Amino acid sequence: MTFAHTLKNSVVLLSILILFLGSCKQQVNETKPVSAPEIDYAAKVYPLLDTENSRWFYFSSASRPFGMVNLSPDTQIGGAWGSGYRYKTDTIKGFSHIHAWQMSGISVMPVTTNEKTKDDIFKDFYSKFNHDNEVVIPGYHKVELDRYAIEAQLSSTKRVGFHQYTYPDNEEEKAILFNLNTLLGPSSNIDGVLNQNFDNELSGKVTMEPTHRRPKPMTVYFKVQLNTQISSIEKDDSTGNYLIILNENKNDVLMKVGISYTSVANAELNIITELPNWQFENVRSEAKQEWNSLLGRIDVKGGSDQDQRRFYTDLWHALQGRRIINDVNGAYPDNTGEIFRIGQLPLDANGTPKFNHFNSDSFWGAQWTLNTLWGLVYPEIMYDFSNSLMQYYKDGGLVPRGPSGGNYTYVMTGASATPFMVTAIQKGIIVDELEDVYQALKKNHLAGGIMEKAGYEHTTNVGGGLEYYMDQGYVPYPIPEGKFGSHQDGASLTMEYAYQDWTLAQLAKKMGHKEDYDYFLARSSSYKNVFDSEIGWMRPKNVDGKWKADYDPYQAENGFIESNGAQSTWFVPHDIKGLASLMGGEDAAIRKLNEQFETAEDLGFTAGTSHSVELHPEYSRIPINFGNQPSIQSAFIFSQLNRPDLTQFWSRKVAKTVFGGLSPSTGYNGDEDQGLMGSLAVLIKIGIFQMNGGTEANPEYQIGSPIFEEVTIKLNKDFYSGDLFTIKANNNSDANFYVSEAEFNGISIKANSLRHEDIVKGGELILEMTNTVK
C-alpha cells in the first residue's frame, strides 16, 4: 500500500469519527426531520411551475432546502436570464451543481463514445430528452438522454451532488464529460482543472469570472468519487473539457460530487460527513423526508387538489434559492476585504457551526413575504439568515442587502435587511448582542452606509441620493451627479428609505435610544415630500424641488423602481392612515385603491405573465402589479383603513388568479426572486399578513381570507412555547370569502388582527365565512 493510500485511509477514519461524534448532537441550523410525516407533502409539489420563463437560479430539483449544491439539468446556458432549466428546450447541455445568485459551476454530462466520436465529443455532447420519460420531485430528478440511451438520476445532500447513471449494454465506451470551462449562467467559468487522485477519485477547481453584480472572482473546489474505476482521463485543449473513460464492465455508475468554496480538503470532508455511503435510494428518500419535514410545518385541509398542489409548490419555493456557502466545519469564503480569506463561523461545544452562511438575492420586498412566513413558521431559518447577515457586517463593515461569492453585490436599493432583522428581534428569534445588531443596522442608514448606494454601485456612494434625503427630505430625480448605479429612481428611494427608517426607529425604541428614535421617526415621514396633493399621486421632483413635468403616473420606471407611480403611491407600509389623510381621508383612499383593483383585474393583476414583459406598453400601465414587489401589499391596505371586507374580496381574487395556476407556462407572472413571491402566495392563501413587516413591538398579523377550510401551523418549540396554531374557516368556499365573525381561543376578535405573542403560544382562530359583507 502506498503512502498516499495510507494517508487517505487515516483521513477517512478520522473523518468517520468526526461524523459519528457529530451525529450524536442536535443542531438548530441544519433541518433534520425526526420522523417522516404521514402525509407526503413533497408529492404535492409541482417543480415544473413557470419553467418556461425561469432564470438561472429559479428552477430546483435534486436539491435540499437552501443546499450549497443545487443539482439539475440545464437546457439553456449563456446568461442569468432565460437560462438553466427551460421547459420548452428539448436538449440537455449538462447537469450542473450550482444555480445561485450570480454563481454557477461544475457541469457534467454522462456520455458514450468510441474511437470515431471521441475527438468530437468534447465539443458536441448535448442530448435530446423527452418530458414523458422525466420524473421531477423535490430532492430528485430523472431523465433519459436519448442520444446515448443513458438513464440519469440525480439527488443530493446539502453539499454533495449524487448521480446514478445507467449506461446501455453495448460496445460503446462509458464516459463522463466535465464541461468546466464554459459560460453556464451569470458568468463564465474559467481556469477549470481536473486531476485524478486515485483509481476512482478526482478533484479540481474552477473560477467564476466577475460579473456586473458580483465584482470579484469566485473559486469553487470539488471532489469526485466514483463506484467504479477510471480507465483514463483526457483533456481537450481547445475547449478545456475533460473526458473521463470508465471501467467498461460496469453499467450502473454512481458518482458523488462534493463542493466547497474554501478547499478540496473541505469538499472531501463534506462528502465524508454528509454522504459516507453509496445508497442512492436512501439519499433520495432522505431528501424527500427533509422536504416533507419542512413542508409539513403547514398542513392544509380543503380546497381543490390543484389548490393544495399549488400551495405546497409555493411553500417549496419559499424554502430555496438562497444557498449555503459554508462547509460542514464552518469554513466559508470571505471576499469582503481587499484580499480573499477563509473565514470561520463560530462553533458550538460539539464543534458544529452555530449558524449557516449564505449566498442570497436581496430582501427587497421581504417585509411582506419572508419576514412573516419564516418568522412564524420557520424561525430557525430566520435565525440563520440574521446571523449570516451580521457575519458579513463583522467581516466587511456593512450588513448586506444581497451577498454573492462571499461579498456585497448591492443588488436593488435601500437597507432591506433592516426590517428583516428588526422583525427577528421583535419576535424573539434574535436575543443576543442586540446593541451590536442595532449599531450595525444604524450604520446602513447614515452616511457611509448601504443606503447611499444605488443598485450595483460598487465604487461610489452617490447614486442612492442619501445626502439629499437627509438634507432635503427626499431623493431628487434625476440624481444631479449623474448615473452611477441601477434604480436611481428618486421617488421610490424616498419612500423606501422612509419605511426602513420607521422600522429602525422601532428597534431604537426597544433599545432605549430616545434621540435616535425621534430622529429616524421624523425621517420616516419623508414620503409626504413626494406626494403631489394636486394630482393625488406620488410624483418625482428634481433637486430644486420642482415636480417632474408632464408626469404620467402610469408610465413605468418614471422615477419609480420596477413599477409605475400608481403602483408605488401605496408604498407606505408604516403609515397607511397618514397616506390616506394626504388623499383626502380614508373614504377617498379606499375609493381610489378599489378603482385601481377593478382596472387591474381586467389585466389579471399582473404586468403580463413574466418579468421579461413587464415594460411592454400593453402591460406596464397596470395600476396594481402582483408580479413584482412594490405593490404586493396593496390588497391588505383596505383592512388598515377599516374595510377588511375589501381585503378579503381582493386577496381571494389574487390568490385564485395570480397564484392559482399549475403549468410550466405561468406561475408567478413576474419575478419570483428566491422565495419572495412563493411566500406571498402562501400568506395570502392561509389568510395572514403583516403590513409593516412585523417590525413593531409584539408584531401584529392582519387576518385575510384563507382559501382552505383548515390551516395548521406546527410551531417550532425551540423558539415558541405553543404547539399548534390553527385557522379554521367554517363554511369556506369560492363564494364564501368574507369573514363575518372571528374568535381566537374562544374570545371574539373585533380588530381583525392578532398579536405575535398570542399566536406563538398556540391556539385556534375560528373564522365564520359568508358570501355577504357583515
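Tabulated data
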item: Gained length - Glu741 relative to Lys88, 0.36 nm times residue gap less alpha-carbon distance; result: 230.3 nm
item: Net charge of Cβ neighbours under 11 Å - reference Asp361; Lys, Arg +1; Asp, Glu -1; result: +2
item: Distance between modelled label sites at Asn594 and Lys301, nm, 7 Å Cα→Cβ extension; result: 3.6
item: Net +/- balance of residues flanking Val143 in space, Cβ distance below 13 Å, scoring K and R +1, D and E -1; result: -3
item: Phi-based couplings in Hz for the range 354-361 (Karplus 6.51, -1.76, 1.60; Gly and Pro marked x); result: 6, 7, 9, 10, 10, 9, 8, 5
item: The chain: relative contact order in percent, alpha carbon pairs under 8 Å with at least 6 residues between; result: 11
item: Backbone N under 18 Å from the Ser581 label point (7 Å along Cα→Cβ), restricted to the range 636-653; result: 640-642
item: Ranked list, fewest to most other Cβ atoms within 10 Å of each Cβ, for Ile707, Ile324, Ile479, Ile339; result: Ile339, Ile479, Ile324, Ile707
item: Contact order normalised by residue count of the range 31-293, Cα under 8 Å, 6+ apart, percent; result: 20
item: Whether the range 649-703 is rounded, prolate or oblate, judged on the alpha carbon gyration tensor where a/c under 1.5 counts as rounded; result: oblate
item: Neighbour-count order for Asp50, Asp471, fewest beta carbons within 10 angstrom listed first; result: Asp471, Asp50
item: Integer Hz, Karplus 6.51/-1.76/1.60 couplings in order for the range 216-232, x for Gly and Pro; result: 10, x, 9, 9, 10, 9, 8, 10, 10, 10, 10, 8, 9, 7, 8, 7, 6
item: Cα shape, the range 31-293, gyration tensor, a/c 1.5 rule; result: rounded
item: Estimated 222 nm signal from helices in the chain, with DSSP H stretches of n ≥ 4 weighted -39500 (n - 2.57), rounded to 500; result: -8500 deg cm²/dmol
item: Fully extended contour minus Cα-Cα distance, from Tyr519 to Trp547, at 0.36 nm per residue; result: 7.4 nm
item: Rounded FRET efficiency, nearest 0.05, which uses the C-beta distance separating Asp40 from Ala149 and R0 of 30 Å; result: 0.45
item: Selection from Tyr527, Gly559, Leu202, by position along the positive dipole direction of the chain (Cβ); result: Tyr527
item: Among [x] 28.1; [y] 33.6; [z] 26.9, the entry derived from the coordinates for Kirkwood radius over Cα pairs in Å; result: [z]
item: Vicinal HN-Hα couplings computed from phi for the range 196-208 (Karplus, 6.51 cos²θ - 1.76 cosθ + 1.60; Hz; Gly/Pro x); result: 8, 9, 9, 4, 10, 9, 10, 8, x, 7, 8, 10, 8
item: Residues Ser639, Ser63, sorted so that the one with the fewest Cβ neighbours within 10 Å comes first; result: Ser639, Ser63
item: Relative contact order [Cα under 8 Å, 6+ residues apart], the range 551-688, whole percent; result: 23
item: Alpha-carbon centroid distance for the pair the range 333-390 / the range 210-283, whole angstrom; result: 26
item: Separation of the Glu201 and Glu764 label points, Cα + 7 Å toward Cβ, nm; result: 5.8
item: Cβ-placed point charges (K, R +1; D, E -1), dipole of the range 31-293 about Cα centre in debye, nearest 20; result: 1140
item: Computed FRET value (nearest 0.05) for Asp169 with Glu234, which takes r as the C-beta separation and R₀ as 30 Å; result: 0.80
item: Spin-label proximity, His131 to the range 56-79 - amide N less than 17 Å from point 7 Å beyond Cα toward beta carbon; result: 59-61, 73-76
item: FRET E, pair Gln555, Trp81, Förster distance 35 Å, beta-carbon r, rounded to 0.05; result: 0.90
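Only the coordinates and a few stated rules stand behind these numbers; no lab work does. Since the model is a prediction, treat every value here as computed from it, not as a measurement. Methodologically, a virtual Cβ is constructed for each residue, glycine included, from the backbone with ideal geometry; neighbour enumeration extends over all protein chains shown.
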